[in-house]
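To start, the structure under review is shown below, and the notes come after it.
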Amino acid sequence: MKEQEMADTQLIRKIAKIVDDAKASNATHLRKLKELSAVLSKSPSVHQFSVAFTKTLTPLFQILKRTATVERVVRFVSVFSSARDPNDTSASDEFLEEFLKFLLVGATAANKTARFRACQIISEIILRLPDESEVSDELWDEVIQLMKFRVVDKVPLIRTLAVRALSRFVNDSENSDILDLFLEVLPLEQNSEVRKTIVLSLPPSNATSQVIIDCTMDVSESVRKAAYCVIANKFPLQSLSIKHRTAILQRGLADRSLAVSKECLKLMTDHWLIKCCNGDPVQLLKYLDVETYESVGESVMESLLKADLVKLHKVESIQQYILRTSANEGSEGDSADCSVSIRLMEPEVSLYWRMVCKHLQMEAQGKGSDAAATMGTEAAIYAAEASDNNELLDRILPETVSDYIDLDLLHRPFEHEVDDEGNKVAIGDGINLGGDRDWAIAVARLARKVHSAAGEFEEVILGVVQELARPCRERTADFINWMHCLAVTGLLLENAKSFHWAVEPTELLQSLLLPGAKHVHLDVQRVSVRCLGLFGLLENKPSEELIKQLRISYVKGPSPISTVACKALFDIGMWHGPQEVDRALGLNLSSQLEVDAMPSDPVNFSETDGASNIKLVDLLYAGFTTNNRARALENDENESVQAVLGEGFAKILLLSEKYPSIPASSHPLLLSKLISLYFINESKDLQRLKQCLSVFFEHYASLSENHKKCLSKAFIPVMRSMWPGIDDNPGGSSYMVSNMRKRAIQASRFMLQMMQTPLYAKGTEAEDDNGCNGSPEIIDGPSQPSVECGEEGLAIRIATEVLRFPAKKTPAERSYVSAVCRILASLHFRLSEQGPVKIMRRLLSRVCESVLSEKDILKELKLMAERLEGLDRNPDQDLSEDEVKYIFARPNRSRRRVRREEVSSDEENSPPCVKSVIPSNGGTVGPRSQRASKTAAMTKITRSKAVRIEEGFHEDDDEDSEVTAEDSDESDELTE
């Protein structure tokens, strides 16, 4: 027994001496590996050697720091364990199994240092182990399962080592769950080093390609760099889709990290350009579909040119695409006898030469600037480089632009296909040249650059229009030819500055545009109506025939045509002014414009041809109420008449000071319609309109006080139009009614939020009755917001709205009153506005009487009454008629027109808003008996005198405010 212990101690000392020598330098590892192998072969048994070996390494599992000596020991141990002695392979395999079992115990330890060191050695052994090594399947399964468990260890470094260990088995079909585990933990992993290791371990496959490409947007620079490295080494260019190729290059070349962008450039040049494209940049561009991803192609060419990887040969130039053929073989030098034809470039070639020319021009300009800023030899060198770039650019480009650009694009008709019934169907949007807006813009820009002389662009395009319009005038063109001709005409009208043409514009209108608007084919009508709108913008004054046709198309046309006509009418109306458009029809509307309201009777589209005596604004507004106007176009789900009307009227309201012909009192009606349209259920399908109105509402209320006044006036009409069961609004099931009420409450809170939004920090100008800018409103010297623009005015409006309902209300009326009272209770009064405070105190007591059954609301209103009482500086003092008039008076003229029903002639001489809240004697309340006060009150109640406030707080003609008029006696009772 003692001899055995001495032998084990001696063996441990031998192993320890070898390990100590190995930790000094990596250079001694090869010799020490041979010595340790000799010790293993001379040992009595492999088990005895394994025990001694593990005892020697035990202190290593207590060291957490990764010092150089410790790392050399780990490397030495891993190499020895994974190496096979050719003279005794069975002993090597047996030792490996014994050592792995020891390491498995350490990998399951609670101590993180032991777990880390065990996992480190296991991962090194697995990665170094030769394929011919023999280890039992049970042991390998145990190792794999333990490493899979350590992939989710709480220590990031242990997770990294576990992933490295499993990376060798990730391609095995028997261990497919390893790949699934990697893909599962990658998006959840917080540590960048672990994510990087997982990315480097992923194999190339359809399941991993998208995951690796997504890692090019990782927040960690090292992970992004690892992703590009994996793509370069594991994914050939042809195995990736065009979308993936462009995404990789777009992200990598523009990456904020220089190391990542260099890695992407290395991927593009060393692997894709050199290996897959034989160094040809044009071939690389063909893999990127530069027609669709033009910006990516530009970035690729810029990177290649900056890296000096594009080599231009002497025979390469754009002139090789210009074919010159001589009509007389004996006069080759006579250019007059030569015909020039242009061979069209492929998109990749066109982009290649464009970027090369742009690079040479910028380099020449840069070197020239450097030469001008320096002196001596340095300046001469810069000048020579600039001269070389200019000479190369001259060799590449022809002498003139027209030599290598042929505007044959204007003659290309619309592409079309044939349906199952043999009918032609145009491809694209059917409006713009080529069926695509971006394509039409590109063609127009190119044409303007080619024909840059004054008037040359219009002359060339007009010549093409005349050529295309000939079969249209002769009635031999089909609808495809009509659409092509009108698309080119639209291109001309959209880019022309004025009507300074060789051809009379009236001829174009009469021979092409108006007949096109009456064409039997709807697609021709639509593109023609668009051209009419563009034509009207170029006219000094809109012509009568053009406006008539647009109105007819808007009223009688189907939804696609009506939508385009609506756009055109808005554009022309906002450009020339609505009054100027109405004058084009010979309408004398001066008397109508004096009425400060929209017409009470809506325009019926079925009873008008669009050219009758109806104002433009009225005609457009009538589009809100017609049926089947909200159906979107088939090719654009966001385009409908409702959407165009919403955007158009939003622009008018936002720029209301520019359109004085539109009465200011119609603004609340327009605004209430937009708010209702924003919250209706159908608007969820009109995302463009929702987005437009959201931006409009965000800024509208903050621009001026007049906008807040308009919003205050629109509050009650919006609520009444949206609340079910009010003003004959349809209801439905309890579920529908509940949803409608929720939307109305949401709209009320939205309007309240806009009212409480502060004004922008700039001078606010008041508008007069016509909507024109005037001088700022002055109240008591300093400039203050008027009552109608603040929450005080909205509160009085809501209070008068509540009081118009009878004591016995329907369920719909009761819910409506409760909803608006909740908004009323959330409004605040300013201490400086003593007049509105006094008026509201008296109205509020009446409001409380009408909601006695609603305990919660009554409690909120009483709290509001307490706040108002605290704000009232002189609670015992009442307001006179003159003071009330002063509070609500307008700067220019009084507009408090009041209509009373069933009142005597002597009562009509007194303002009702004054008599409802203040004593009739205009001063202090005189003494009166309680009996006389009650008698007077009962007399008023029995007479049922209702006050209708047309303007002031309820200027909308269709909104009546039935508030019982009371004299000074009833006011006394309210204050008791």
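The values are calculated or read from the model by the stated rules, or taken from the named source; none is laboratory data. These numbers come from a predicted model, not from an experiment. Using ideal geometry, Cβ is built from the backbone for each residue, glycine included, and neighbour counts are taken over all protein chains shown. The area values use the complete protein model at the heavy-atom level, side chains included, leaving out ligands, DNA and RNA. Shrake-Rupley method; radii C 1.70, N 1.55, O 1.52, S 1.80 Å.
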Residue satisfying condition, being out of contact with any strand residue (DSSP E or B) (no Cβ under 6 Å at 6 or more places or on another chain), within 16 Å of LEU40 (Cβ to Cβ) and open to solvent by 10 Å² or more (accessible area, probe 1.4 Å), within set ARG84, ARG72: ARG84
Count of residues meeting criterion [among the hydroxyl-bearing types (Ser, Thr, Tyr) and more than 23 Å from PHE697 (Cβ to Cβ)] in the stretch 710-732: 0
Residues (more than 21 Å from TYR293 (Cβ to Cβ) and either exposed (fewer than 14 other Cβ atoms within 10 Å of the Cβ) or not aliphatic (A, V, I, L, M) (or both)) located in the stretch 227-255: CYS229, ASN233, LYS234
Pair list, Cβ < 6 Å and 6+ apart or interchain, from the stretch 509-536 residues that are surrounded by fewer than 20 Cβ atoms within 10 Å (Cβ to Cβ) to residues that are in a helix (DSSP H, G or I) and among the hydrophobic types (A, V, I, L, M, F, W, C): HIS521/PHE479
Filtered residue count, the stretch 541-568, keeping only those that are closer than 14 Å to HIS519 by Cα and among the β-branched types (Val, Ile, Thr): 2
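Only residues that are part of a helix (DSSP H, G or I) and either closer than 30 Å to ASP436 by Cα or of a type in the set (Gly, Ala, Ser) (or both): list them for the stretch 250-292, please.
GLN250, ARG251, GLY252, LEU253, ALA259, SER261, PRO281, VAL282, GLN283, LEU284, LEU285, LYS286
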Of residues in the stretch 137-163 being closer than 15 Å to GLU189 by Cα and charged (D, E, K, R), the one least open to solvent (accessible area, probe 1.4 Å): ASP153
Hits in the stretch 544-578 - residues which are open to solvent by 50 Å² or more (accessible area, probe 1.4 Å) and either modelled with pLDDT under 90 or of a type in the set (D, E, K, R) (or both): GLU544, GLU545, LYS548, LYS556, LYS567, ASP571
Some residue of the stretch 891-905 being modelled with pLDDT of 85 or more and closer than 21 Å to ARG720 by Cβ: no
Subset of the stretch 227-249 [of a type outside the set (A, V, I, L, M, F, W, C) and either within 19 Å of LEU183 (Cα to Cα) or in a helix (DSSP H, G or I) (or both)]: TYR228, ASN233, LYS234, GLN238, SER239, LYS243, HIS244, ARG245, THR246
Identity of the residue in the stretch 795-828, in a loop (DSSP other than H, G, I, E, B) and among the small types (Gly, Ala, Ser), that ends up surrounded by the fewest Cβ atoms within 10 Å (Cβ to Cβ): ALA807
Selected residue [open to solvent by 40 Å² or more (accessible area, probe 1.4 Å), under 15 Å from ASN432 (Cα atoms) and not assigned by the TED database to the domain that holds LYS615] from GLU494, GLU474, GLU504: GLU494
Residue within the stretch 35-55 that is farther than 29 Å from ASP131 by Cα and surrounded by fewer than 18 Cβ atoms within 10 Å (Cβ to Cβ) present: no
Selection status of GLU184, in a helix (DSSP H, G or I), open to solvent by 10 Å² or more (accessible area, probe 1.4 Å) and in contact with a Pro (Cβ under 7 Å, 6 or more places away or on another chain): no
When residues of the stretch 690-737 are limited to those that are at positive phi and of a type outside the set (D, E, K, R), the one most open to solvent (accessible area, probe 1.4 Å): GLY732
Some residue of the stretch 607-629 being in a helix (DSSP H, G or I) and at pLDDT below 70: yes
Residues located in the stretch 210-226, provided they are assigned to a loop (DSSP other than H, G, I, E, B) and either open to solvent by 70 Å² or more (accessible area, probe 1.4 Å) or within 19 Å of GLY279 (Cα to Cα) (or both): VAL219
